[in-house]
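Novice: Got a structure for you, questions after.
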Protein chains: 2
Amino acid sequence: MTKPVPADVLSRLKSVLGEGGWSQDPDRLAPKLLEWRDRWTGTTPLLALPKTTAEVAAVVGICAEAGVAITPQGGNTGLVGGQIPQGEILLSTERLRAIRDLDAFDDVIVAEAGVTLAAVHEAVATVGRRFPLGLASEGTATVGGVVSTNAGGTQVLRYGTTRDLVLGLEAVLPNGEVWNGLKRLRKDNTGYDLKQLLIGGEGTLGVVTAASLKLFPVLVSRATAIAAVDSPEVAIQMLARAKDTAGGAVEAFELMGRRGIEFVLKNITGQRDPLPQAHPWYVLVEIASGEPGAAEAAMERLLSKGLEDGLVRDAVVAQTDAQAKALWSIRENQSPGQKPEGATWKHDISVPVSQVARFIAEASAAMEAFVPGCRITAFGHVGDGNIHYDVIRPHGGDNAEHSAKRDQGSRMVHDIVARLGGSISAEHGLGAMKTEEARRYKSPVEVAALEAIRQSLDPKRIMNPRVFF
Amino acid sequence: MTKPVPADVLSRLKSVLGEGGWSQDPDRLAPKLLEWRDRWTGTTPLLALPKTTAEVAAVVGICAEAGVAITPQGGNTGLVGGQIPQGEILLSTERLRAIRDLDAFDDVIVAEAGVTLAAVHEAVATVGRRFPLGLASEGTATVGGVVSTNAGGTQVLRYGTTRDLVLGLEAVLPNGEVWNGLKRLRKDNTGYDLKQLLIGGEGTLGVVTAASLKLFPVLVSRATAIAAVDSPEVAIQMLARAKDTAGGAVEAFELMGRRGIEFVLKNITGQRDPLPQAHPWYVLVEIASGEPGAAEAAMERLLSKGLEDGLVRDAVVAQTDAQAKALWSIRENQSPGQKPEGATWKHDISVPVSQVARFIAEASAAMEAFVPGCRITAFGHVGDGNIHYDVIRPHGGDNAEHSAKRDQGSRMVHDIVARLGGSISAEHGLGAMKTEEARRYKSPVEVAALEAIRQSLDPKRIMNPRVFF
């Protein structure tokens, strides 16, 4: 817990923020102090609600001078507790809502930190463009949040993570100064690229207040399918074929196991089994092209050859947008679908693509030995080597008992990940939850360098102090 | 000039490098002390030729302890003098030549710093993959060099700069410690992304010793054309159409003016005028797709509609690989073609794509007023807003007289770039040449942050001390 904030600092903050610019009302604060999976609850002496970059700078400046800590928060959709204050000032970007510019010619949108990802999608569609970052939480997740956590999602295979989609940033640095790096350039080699530290910096090096984001053409040809395969090994073989047959046009390649699909069918209303028979593993494949008919043709080649060679057991190709949405819905409900099943250890890991099947096999053997009867779901962005690997308590088992074993179980999973050259946090970040665990797997050389960088920009460690090294 | 290196440091360096691992032979040193455009010559007390990462670490460790400065050098193809020592130890990566791994399944090559870009291209072709970074200097430019300068080239429009192509790095940090960050992950959100500081860091934060690079499928359908247009404005309109009609499949979109083409025809042997008649401006367009026939179809749509609407005056589409090479040769010879014409002020600038035509018009008006009769060539990666804007002395004019005006003239060009929201170094970097100029255009807030970052990792400023802030 952070030390108490002096009363004079609170009154100075209230004064610069003005009426409507802050709150201490427990009802107003409550939804911002609870993480949506209910794993983290927080406290704060003050919710700051700056409306402009200048107000953010004033807040950070006062805190910097007084050595008072700040936790920045966007849409509060983070999964690792990084946005939940434990006594720090809570700085919400919710009133930074302007779309400052939208230019289909330069393929750029300039949006303030509090704009939701869904609002970005709506805005760019009006000029015939697309921002290829899709998250299940996009109605709530904000620009500042996705930038600060380097969010991933389902289209990373083709477009990269948020890091690859940011052209420029505006931010308030930990000394309270505004850095205007809101360029809209594709190329700029003039010294260290400061924005790269803020992207994925989880609010530890300042508050991102606005971003220029890269837009892409809407693609006229799109094909979505679910194919059944026997194993993760075969899924990976199909991925290699998809990349070869469709060139750069594979937009998504997602893996799901039968168990995850059964949880969706059981616990989420309005879902249909994608294929007439049950199969052990499934891949959801999406191909998109600017050339009319090209995506459909590539999908046809991929699946018919896969069926012919016995790699694909059965497949369904969406014939309408509604059917494509229904296929995606099965994938997007993998996490909500398992929630009613009880206590779960969640892992957001990545390994080299070639090691995915080995990871799943080794981790599952270890987990089944450790918790006999545990129910494992493995799903996610296999095209990027990023698997959401969740271990649910045995059917009818005790939640508390399962949760008590979490740290030990997760350590076993993470050790396997590390041995295979992977990452213990592929896309969710470290937050308050995984920082200590990450220290275990990084070299002392790297930790020392990261600590030195942080110290150089935030010597009083006021920005999100419980996060990172 | 850096202070003299103590004799005991030199002998310790020789001792750890062993026979063949260092040189003080003027003939051996000469080609490494001269920049290829003859603008920079250097001196060094010792050329260090480490053969392993451990030897690089030993050299940097000795220098760190003694506070002795180092200039790292790859293929010596840099254009801004960053690789030329002025009394520092010269650390060449030329003996770090191993390709440590090549995996078509993970789409990755792991190459040591001294491997040439051409050698990377050859290696990945043997497994049916492609590394989409193309430079005119690729026979000499090295992996360490392209990473350290975040090299661009002609395929940035689709694949990004080197930054977007690096999955992991191994480097010796300024304290002499080896950082092994040679991951091959597409997603890894576990703290600040240290490699982002080394990419484009121009050797100021350590010596890159190896990199894991992202590979792509070879695309079966490729179309290359040169189209004549009336103006840069029309070129930009055609770019927007190309992006719309070909979706994400535009690989290159390059601008050339008539003057540059005439210099190529005059000064380079074996070149042909691409079209029967002369036109004021040209674009070289390349489209590539994984779908057989798709690139050719998109090119056909783009050009026939452009001709129909009067945007394109004439066009030629390559029918064979040899013809495509001939079209590219005109583009690649823009710089060599003008070399015999005398003293030149070169600028490697970027602006938002929407501002390219305005930049060319304003800069050209300013230059023609400043040096009546000067000959301007503007060419380059217009798809990224990156123009190589060169001002050659008047026909029959005096080289020395023209060179004497360089700083004043370049300042005028850079002021226009800054006013249009651009960068004074789009892809060449700052080196020794542009560091002071860059300081002029960055905010004090940013410069202070960049200085703090450098200080945090290289407190004695031993790594390439004349480069950056």
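The values are calculated or read from the model by the stated rules, or taken from the named source; none is laboratory data. All values reported here derive from a predicted model rather than from experimental measurement. Note that we place each Cβ from the backbone using ideal geometry, even for glycine, and neighbour counts take in every protein chain shown.
Novice: Which of the residues spanning the stretch A:417-437 are in a helix (DSSP H, G or I) and surrounded by 23 or more Cβ atoms within 10 Å (Cβ to Cβ)? Steps first, answer last, please.
Specialist: The initial filter retains those residues of the stretch A:417-437 that are in a helix (DSSP H, G or I), namely A:417-419, A:435-437.
A:Val417 - this is the single residue of the stretch A:417-437 that is in a helix (DSSP H, G or I) and surrounded by 23 or more Cβ atoms within 10 Å (Cβ to Cβ).
Novice: Can you tell me how many residues in the stretch A:6-44 are out of contact with any Ser or Thr (no Cβ under 9 Å at 6 or more places or on another chain), of a type in the set (A, V, I, L, M, F, W, C) and surrounded by 13 or more Cβ atoms within 10 Å (Cβ to Cβ)?
Specialist: Within the stretch A:6-44, residues that are out of contact with any Ser or Thr (no Cβ under 9 Å at 6 or more places or on another chain), of a type in the set (A, V, I, L, M, F, W, C) and surrounded by 13 or more Cβ atoms within 10 Å (Cβ to Cβ) number 7.
Novice: If you don't mind, another one. Tally time: how many residues in the stretch B:143-159 are under 19 Å from B:Ala113 (Cα atoms) and among the hydroxyl-bearing types (Ser, Thr, Tyr)?
Specialist: Count: 2.
Novice: Quick one: would you say B:Pro31 is in contact (Cβ under 8 Å) with a residue 12 or more places away in the chain, assigned to a strand (DSSP E or B) and at negative phi?
Specialist: Values: in contact (Cβ under 8 Å) with a residue 12 or more places away in the chain: yes; assigned to a strand (DSSP E or B): no; at negative phi: yes.
No; evaluated as a whole, the condition is false for this residue.
Novice: Check whether at least one residue in the stretch A:197-213 is in a strand (DSSP E or B), hydroxyl-bearing (Ser, Thr, Tyr) and out of contact with any Asp or Glu (no Cβ under 7 Å at 6 or more places or on another chain), and report yes or no.
Specialist: Within the stretch A:197-213, the first condition is being in a strand (DSSP E or B), and the residues that meet it are A:207-213.
Filter once more, so that each one left must be hydroxyl-bearing (Ser, Thr, Tyr): A:209, A:212.
Subsequent filtering for residues that are out of contact with any Asp or Glu (no Cβ under 7 Å at 6 or more places or on another chain) retains A:212.
Checking the stretch A:197-213: at least one residue is in a strand (DSSP E or B), hydroxyl-bearing (Ser, Thr, Tyr) and out of contact with any Asp or Glu (no Cβ under 7 Å at 6 or more places or on another chain).
Novice: Turning to a different aspect of this structure: Checking the structure you have, find out if any residue of the stretch B:345-356 is assigned to a helix (DSSP H, G or I), among the basic types (Lys, Arg) and out of contact with any Gly (no Cβ under 6 Å at 6 or more places or on another chain). Don't jump to the end; show me each part of the working.
Specialist: Applying the first criterion (assigned to a helix (DSSP H, G or I)) to the stretch B:345-356 yields B:353-356.
Next, from what is left, pick out any that are among the basic types (Lys, Arg): none.
No, that holds for no residue.
Novice: Still on this structure, please answer the following. Search the stretch B:406-433 for residues that are of a type in the set (Gly, Ala, Ser) and pair each with any residue that is assigned to a helix (DSSP H, G or I) when their beta-carbon atoms are under 6 Å apart and the residues are at least 6 apart or on different chains.
Specialist: Pairs that qualify, where the first residue is of a type in the set (Gly, Ala, Ser) and the partner is assigned to a helix (DSSP H, G or I), are B:Gly409/B:Phe370; B:Ala418/B:Tyr441.
Novice: Now for a different question. When the residues of the stretch A:270-312 are narrowed to those that are polar (S, T, N, Q) and in contact with a helix residue (DSSP H, G or I) (Cβ under 9 Å, 6 or more places away or on another chain), which ends up nearest to the other protein chains (Cβ to nearest Cβ)? Let's see the steps before the verdict.
Specialist: Filtering the stretch A:270-312 down to residues polar (S, T, N, Q) leaves A:271, A:277, A:289, A:304.
From what is left, the residues that are in contact with a helix residue (DSSP H, G or I) (Cβ under 9 Å, 6 or more places away or on another chain) are A:271, A:289.
On the way: A:Gln271: 27, A:Ser289: 6 Å.
Filtering first and then ranking leaves A:Ser289.
Novice: List the helices (runs of 4 or more DSSP H) that sit entirely inside the stretch A:49-148 and contain at least 1 residues that are closer than 20 Å to A:Lys14 by Cα.
Specialist: Values: elements: A:53-66, A:117-125, A:143-148.
Of the helices (runs of 4 or more DSSP H) lying wholly inside the stretch A:49-148, those with at least 1 residues that are closer than 20 Å to A:Lys14 by Cα span A:53-66.
Novice: Where residues in the stretch A:112-149 are of a type in the set (Ser, Thr, Tyr) and either closer than 27 Å to B:Ser354 by Cα or within 14 Å of another protein chain (Cβ to nearest Cβ) (or both), which of them is surrounded by the fewest Cβ atoms within 10 Å (Cβ to Cβ)? Don't jump to the end; show me each part of the working.
Specialist: Taking the stretch A:112-149 as the starting set, the residues that turn out to be of a type in the set (Ser, Thr, Tyr) are A:116, A:126, A:137, A:140, A:142, A:148-149.
Then keep just the ones that are either closer than 27 Å to B:Ser354 by Cα or within 14 Å of another protein chain (Cβ to nearest Cβ) (or both); that gives A:116, A:126, A:148-149.
Details: A:Thr116: 23, A:Thr126: 9, A:Ser148: 34, A:Thr149: 30.
Taking the candidates together, the pick is A:Thr126.
Novice: Follow-up question, since we're still on this one. Please pick out the residue among A:Ile70, A:Ile99, A:Ile62, A:Ile109 that is touching a helix residue (DSSP H, G or I) at 6+ places or on another chain (Cβ under 6 Å) and within 14 Å of chain B (Cβ to nearest Cβ).
Specialist: Numbers: A:Ile70 fails: within 14 Å of chain B (Cβ to nearest Cβ); A:Ile99 fails: within 14 Å of chain B (Cβ to nearest Cβ); A:Ile62 fails: within 14 Å of chain B (Cβ to nearest Cβ).
On inspection, the qualifying residue turns out to be A:Ile109.
Novice: Name the pairs: first residue in the stretch A:300-326 and in a strand (DSSP E or B), second residue among the β-branched types (Val, Ile, Thr) and crowded, with 18+ Cβ neighbours inside 10 Å, Cβ to Cβ under 7 Å, at least 6 apart or on different chains?
Specialist: If the second residue must be among the β-branched types (Val, Ile, Thr) and crowded, with 18+ Cβ neighbours inside 10 Å, the pairs left are A:Ala315/A:Ile226; A:Val316/A:Ile226.
Novice: Can you confirm whether B:Ile109 is farther than 30 Å from B:Ala125 by Cα, of a type in the set (A, V, I, L, M, F, W, C) and buried (at least 18 other Cβ atoms within 10 Å of the Cβ)? Quick ask: steps written out before the conclusion?
Specialist: Working: farther than 30 Å from B:Ala125 by Cα: no; of a type in the set (A, V, I, L, M, F, W, C): yes; buried (at least 18 other Cβ atoms within 10 Å of the Cβ): yes.
Here the answer is no, as B:Ile109 does not meet what is asked.
Novice: Moving to a separate point now. Please go through the stretch B:378-401 and pick out each residue that is acidic (Asp, Glu) and surrounded by fewer than 17 Cβ atoms within 10 Å (Cβ to Cβ). Give the derivation first.
Specialist: Here is the first cut: in the stretch B:378-401, the residues acidic (Asp, Glu) are B:384, B:390, B:398, B:401.
Result: B:Asp398, B:Glu401.
Novice: Are any residues in the stretch A:357-377 under 30 Å from B:Lys214 (Cβ atoms), away from every other protein chain (no Cβ under 14 Å) and surrounded by fewer than 19 Cβ atoms within 10 Å (Cβ to Cβ), and if so, which ones? Quick ask: steps written out before the conclusion?
Specialist: Initially, the stretch A:357-377 is screened for residues under 30 Å from B:Lys214 (Cβ atoms), giving A:357-364, A:377.
This time we only want the ones that are away from every other protein chain (no Cβ under 14 Å), so: A:360-364, A:377.
Matches in the stretch A:357-377: A:Ala361, A:Glu362, A:Ser364.
Novice: Based on what the data block shows, is A:Val317 in the same structural domain as A:Arg259 (by TED's automatic domain parsing) and over 28 Å from A:Ser403 (Cα atoms)? Steps first, answer last, please.
Specialist: Values: in the same structural domain as A:Arg259 (by TED's automatic domain parsing): yes; over 28 Å from A:Ser403 (Cα atoms): yes.
Judged against the criteria, A:Val317 is a match.
Novice: Any idea which of B:Ser329, B:Ser354, B:Ser304 is assigned by TED's automatic domain parsing to the domain that holds B:Leu420 and surrounded by fewer than 23 Cβ atoms within 10 Å (Cβ to Cβ)?
Specialist: Numbers: B:Ser329 fails: assigned by TED's automatic domain parsing to the domain that holds B:Leu420; B:Ser304 fails: assigned by TED's automatic domain parsing to the domain that holds B:Leu420.
Within the list B:Ser329, B:Ser354, B:Ser304, the selection yields B:Ser354.
Novice: Here is a further query. Identify all residues within the stretch B:27-46 that are more than 13 Å from B:Gln73 (Cβ to Cβ) and under 18 Å from the mean Cα position of the chain (by Cα); write none if there are none.
Specialist: Listed by number, the residues that qualify are B:Arg37, B:Asp38, B:Arg39.
Novice: Can you confirm whether the stretch B:187-210 contains a residue that is at the interface with another protein chain (Cβ under 7 Å from one of its Cβ atoms), of a type in the set (Gly, Ala, Ser) and free of Cβ contacts under 8 Å to residues at least 40 places away in the same chain? Can you show your working first?
Specialist: At the first step, the residues of the stretch B:187-210 found to be at the interface with another protein chain (Cβ under 7 Å from one of its Cβ atoms) are B:187-194, B:196-197, B:200-201.
Then keep just the ones that are of a type in the set (Gly, Ala, Ser); that gives B:191, B:200-201.
Narrowing further to those that are free of Cβ contacts under 8 Å to residues at least 40 places away in the same chain: B:191.
Checking the stretch B:187-210: at least one residue is at the interface with another protein chain (Cβ under 7 Å from one of its Cβ atoms), of a type in the set (Gly, Ala, Ser) and free of Cβ contacts under 8 Å to residues at least 40 places away in the same chain.
Novice: If you check A:Ala225 against the conditions, is it in contact with a strand residue (DSSP E or B) (Cβ under 7 Å, 6 or more places away or on another chain) and surrounded by fewer than 24 Cβ atoms within 10 Å (Cβ to Cβ)?
Specialist: Details: in contact with a strand residue (DSSP E or B) (Cβ under 7 Å, 6 or more places away or on another chain): yes; surrounded by fewer than 24 Cβ atoms within 10 Å (Cβ to Cβ): yes.
For A:Ala225, the condition - in contact with a strand residue (DSSP E or B) (Cβ under 7 Å, 6 or more places away or on another chain) and surrounded by fewer than 24 Cβ atoms within 10 Å (Cβ to Cβ) - is met.
Novice: Out of all the residues in the stretch A:411-437, which are touching a strand residue (DSSP E or B) at 6+ places or on another chain (Cβ under 7 Å) and within 9 Å of chain B (Cβ to nearest Cβ)?
Specialist: The answer is A:Gly422, A:Ser423, A:Ile424, A:Ser425, A:Ala426, A:Glu427, A:His428, A:Lys434.
Novice: Out of all the residues in the stretch A:443-468, which are facing another protein chain (nearest Cβ under 7 Å), assigned to a loop (DSSP other than H, G, I, E, B) and buried (at least 20 other Cβ atoms within 10 Å of the Cβ)?
Specialist: A:Phe468
Novice: Applying the selection to the stretch B:378-410, what residues are under 25 Å from the mean Cα position of the chain (by Cα), part of a helix (DSSP H, G or I), of a type outside the set (Asp, Glu) and away from chain A (no Cβ under 14 Å)?
Specialist: First pass over the stretch B:378-410, keeping only residues under 25 Å from the mean Cα position of the chain (by Cα): B:378-393, B:403, B:406-410.
Restricting the remaining residues to those that are part of a helix (DSSP H, G or I) gives B:382-384, B:403, B:406-410.
Filter again for of a type outside the set (Asp, Glu), leaving B:382-383, B:403, B:406, B:408-410.
Correct list: B:Ser403, B:Arg406, B:Gln408, B:Gly409, B:Ser410.
Novice: Quick one: is B:Arg358 of a type in the set (D, E, K, R), out of contact with any Ser or Thr (no Cβ under 9 Å at 6 or more places or on another chain) and in contact (Cβ under 8 Å) with a residue 24 or more places away in the chain? It would help to see each step written out before you state the result.
Specialist: Numbers: of a type in the set (D, E, K, R): yes; out of contact with any Ser or Thr (no Cβ under 9 Å at 6 or more places or on another chain): yes; in contact (Cβ under 8 Å) with a residue 24 or more places away in the chain: yes.
Yes.
Novice: Could you list, in sequence order, the residues of the stretch B:150-184 that are in contact with a helix residue (DSSP H, G or I) (Cβ under 8 Å, 6 or more places away or on another chain), facing chain A (nearest Cβ under 8 Å) and in a loop (DSSP other than H, G, I, E, B)?
Specialist: B:Asn150, B:Gly152, B:Gly160, B:Leu173, B:Glu177 - these are the residues of the stretch B:150-184 that are in contact with a helix residue (DSSP H, G or I) (Cβ under 8 Å, 6 or more places away or on another chain), facing chain A (nearest Cβ under 8 Å) and in a loop (DSSP other than H, G, I, E, B).
Novice: Among the numbered conditions (1) within 18 Å of the chain's Cα centre (by Cα); (2) modelled with pLDDT under 95, tell me where B:Ala104 comes up short.
Specialist: Against the list (1) within 18 Å of the chain's Cα centre (by Cα); (2) modelled with pLDDT under 95, B:Ala104 comes up short only on (1).
Novice: When you scan the stretch B:224-269, how many residues do you find that are in a strand (DSSP E or B) and either more than 13 Å from chain A (Cβ to nearest Cβ) or out of contact with any Pro (no Cβ under 9 Å at 6 or more places or on another chain) (or both)?
Specialist: Counting residues in the stretch B:224-269 that are in a strand (DSSP E or B) and either more than 13 Å from chain A (Cβ to nearest Cβ) or out of contact with any Pro (no Cβ under 9 Å at 6 or more places or on another chain) (or both) gives 13.
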